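One structure is given here, and the rest of the page talks about it.
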């Protein structure tokens with residue numbers, strides 16, 4: 001029958017969510033205690049008191065388990081373009097979202113409680129490769145959506161862009177904004193893990209975010225004007 005709730009299905013989803021959270025919390029505890037590379041999926045399963053297959057049902061790899069929260073960031077970054085309020089500038093919406101998120105990440109990773117996770121990242125080439133992949137996948141997806149929005153005439157800086165130019169602009173702008181954010185995050189991590197983590201240079205990293213993102217957006221508008229032979 002339609003319109004009738006399924007309490008059994010609701011409980012099942014709740015149990016799955018609980019299991020996923022337990023596995024993730026257990027894994028991160030083990031990573032912190034032993035180091036990422038020293039922990040196996042079997043170790044996580046045993047400590048969480050679940051089957052190894054249960055872990056794989058929720059996380060396809062150990063790296064995916066470590067970065068479980070990043071998938072939300074990827075989807076939200078894409079949504080900043082695709083689900084922005086009607087009439088909103090897509091490039092401006094993306095820049096605002098990334099700027100706000102970047103400042104939050106810089107703040108969170110600068111706190112003492114975030115140091116352990118940064119040390120795990122710094123000590124694992126596998127984790128670093130996975131993070132690069134996630135950033136690249138996000139940039140590609142965002143670039144495609146941004147290009148579609150530009151082709152539809154939704155960016156005032158390029159209202160008449162042809163599909164090819166719109167696609168190029170979308171990929172360029174997404175790559176520039178996301179890559180710039182990553183540069184600042186990596187620089188901040190170097191400072192946080194270095195001997196001068198409490199110095200003025202460390203504190204200036206977050207202050208750089210707003211100016212950097214604004215400058216890239218301005219450069220994107222200038223590039224669009226040149227590509228489309230519009231006044232600058």
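Where a number appears in this text, it was derived from the coordinates with a stated rule and is not lab data. Please read all numbers here as calculations on a predicted model, not as lab measurements. Cβ: placed from backbone, ideal geometry, glycine included. Neighbour counts: every protein chain shown.
Each peptide among 32-38, 72-78, 91-97 gets the average number of other Cβ atoms lying within 10 Å of its residues, and from highest to lowest they stand as 91-97, 72-78, 32-38. Using R0 = 22 Å, the C-beta based FRET efficiency linking residue 211 and residue 179 works out to 0.85. Pairing the Cα long axis of helix 163-193 with the longest principal axis of the chain, what angle in degrees results, from 0 to 90 and rounded to the nearest 10? The answer is roughly 50 degrees.
Available extension along the chain between residue 37 and residue 72 is 10.2 nm, counting 0.36 nm per residue and deducting the alpha carbon span.
Tell me, 52, 23 in order of fewest to most beta-carbon neighbours within 10 Å? Each step should come with its number before you reach the end.
Values: 52 14, 23 24.
Ranked by crowding around the Cβ, least crowded first: 52, 23.
Report, in degrees rounded to the nearest 10, the 0 to 90 angle that the Cα long axis of helix 200-227 makes with the longest principal axis of the chain. Orientation of helix 200-227: about 50 degrees from the principal axis.
In this simple spin-label approximation, residue 96 and residue 187 carry label points 7 Å from Cα along the Cα→Cβ vector, and these lie 2.5 nm apart.
Each residue in 62, 16 was given a count of other beta-carbon atoms within 10 angstrom of its own, and listing them fewest first yields 16, 62. Only DSSP H runs of four or more residues enter the estimate; each adds -39500 (n - 2.57), and after division by the residues of the chain the mean residue ellipticity at 222 nm equals -25500 deg cm²/dmol.
Assuming R0 = 22 Å, can you tell me the calculated FRET efficiency for the pair residue 140 and residue 107, based on Cβ-Cβ distance, to the nearest 0.05? Display every interim value, and only then the final one.
Details: r = 27 Å, r/R0 = 1.24.
Rounded to the nearest 0.05, the efficiency is 0.20.
Taking Cα atoms only, the orientation of helix 90-110 departs from the longest principal axis of the chain by about 40 degrees.
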